[in-house]
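Below is one structure, written out as structure tokens; comments come after it.
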Amino acid sequence: MVFLYVSDVTSLPDPAEFPEILNELSSERCKKTLAFRRTSDRKLSLGAGLLLKKVLKIHGFSDAAIRYSENGKPETDGIYFNLSHSGDYVICTVSEFPVGCDIEKEREVGEKLAQKFLSENEMAYLSQFDSYKKQKEFFRLWTIKESYLKMTGEGISHGLEKFEVLMGESVTVLRENKKCSCSIKEYLLPSYSIAVCSEDSDFTEEPEMIYFD
């Protein structure tokens with residue numbers, strides 16, 4: 001089963017002004033959080049750390065078991081998880097199989113940016129929509145593609161333009177014109193796009209909201 005958890009970070013204090021809240025987190029997360037210049041980014045990083053701690057506890061794991069890979073990705077034995085954040089929200093997905101997730105706050109995107117990251121077929125797909133719908137569909141494509149790269153462990157640096165997504169009743173990921181062995185689940189949140197990608201095909205129907213005390 002693939003689980004998705006969502007938290008709103010707007011109620012969290014700025015950890016730069018209230019550093020005691022960081023006592024709950026690892027030294028790596030603390031350093032990462034305080035390195036951000038903007039308050040909003042510090043709160044998102046703090047929220048990601050707090051959400052992960054709560055989620056791991058739900059599934060019987062301790063955040064003390066978290067280690068960090070060479071590229072800074074948190075991981076642990078016995079369970080796969082992935083984090084993402086945007087706007088006012090952080091999300092965490094958990095599975096017994098490799099999994100990736102992405103959330104993006106929808107906003108206006110220029111044609112040149114879309115062309116930089118999308119394939120010709122994906123651009124053709126977007127061309128059938130008016131400007132508002134095109135914006136929403138762009139972020140659907142973006143989150144699906146990024147969640148796939150996070151599942152594989154390649155990350156966005158691999159290049160979103162190096163593979164493509166076919167949209168339809170079901171979503172298909174193609175690499176070198178071959179269908180990839182993965183499943184995609186999208187979740188609804190007003191003004192946001194959320195996608196989860198996993199080798200498992202059994203997803204929870206709705207995300208679970210996690211609140212910070």
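The values are calculated or read from the model by the stated rules, or taken from the named source; none is laboratory data. For clarity, every value in this text was computed on a predicted model and none was experimentally measured. Quick reminder, even Gly has a Cβ in these numbers, built from the backbone with ideal geometry, and neighbours come from all protein chains shown. What goes into the accessible areas is simple: the full protein's heavy atoms, side chains included, and nothing from ligands, DNA or RNA. Shrake-Rupley method; radii C 1.70, N 1.55, O 1.52, S 1.80 Å.
What percentage of the solvent-accessible surface of segment 80-213, computed with a 1.4 Å probe over protein heavy atoms, is contributed by carbon and sulfur atoms?
Heavy-atom surface of segment 80-213 belonging to carbon and sulfur, 1.4 Å probe: 46 percent.
Of the cross-linked pairs Lys31/Lys116; Lys105/Lys145; Lys54/Lys145, which ones have a Cα-Cα span greater than 22 Å in the structure shown?
Lys31/Lys116; Lys54/Lys145
Sort Thr76, Thr39 by accessible area with a 1.4 Å probe, largest first.
Heavy-atom accessible area, descending, gives Thr39, Thr76.
Restricting to DSSP loop positions (anything but H, G, I, E, B) with no more than 16 other Cβ atoms inside 10 Å of their own Cβ, which trypsin sites (Lys or Arg not before Pro) remain in segment 104-191?
Those satisfying the criteria are Arg107.
Are there any trypsin sites (Lys or Arg not before Pro) in segment 9-46 that are in a DSSP loop and have at most 15 other Cβ atoms within 10 Å? List them by number.
Within segment 9-46, the qualifying trypsin sites (Lys or Arg not before Pro) (loop, at most 15 other Cβ atoms within 10 Å) are Arg37, Arg38.
With n ≥ 4 as the cut-off for DSSP H runs, can you work out [θ] at 222 nm for the chain, using -39500 (n - 2.57) per run divided by the number of residues, rounded to the nearest 500?
Estimated from H runs of four or more residues: -9500 deg cm²/dmol.
At 1.4 Å probe size, put Thr204, Thr93 in order of accessible surface, largest to smallest.
Ranked list, largest accessible area first: Thr204, Thr93.
Between segment 99-167 and segment 179-213, what is the separation of their alpha carbon centroids in Å?
Between the Cα centre of segment 99-167 and that of segment 179-213, the gap is 16 Å.
How much accessible area per residue does the chain have, in Å², with a 1.4 Å probe?
In whole numbers, the chain has 54 Å² accessible per residue.
Counting other Cβ atoms within 10 Å, keep those with at most 13, restrict to DSSP loop, and tell me which chymotrypsin sites (Phe, Trp or Tyr not before Pro) in segment 112-213 are left.
Here the chymotrypsin sites (Phe, Trp or Tyr not before Pro) that fit, given the DSSP loop and packing criteria, are Phe129, Tyr211.
Find the Rg to Rh ratio for segment 1-51, where Rh is the Kirkwood radius over alpha-carbon pairs and Rg uses the same atoms.
The Rg/Rh ratio comes out at 1.00.
For segment 134-183, rounded, prolate or oblate, judged on the Cα gyration tensor with a ≥ b ≥ c (square roots of eigenvalues), a/c < 1.5 rounded, else prolate if a/b > b/c?
oblate
Which of rounded, prolate or oblate describes segment 1-121 when judged by the alpha-carbon gyration tensor and an a/c cut-off of 1.5?
oblate
If you average over every viewing direction, what projected area does the convex hull of the Cα atoms of segment 78-213 give, in nm²?
Seen from a random direction, the Cα hull of segment 78-213 projects 8.9 nm² on average.
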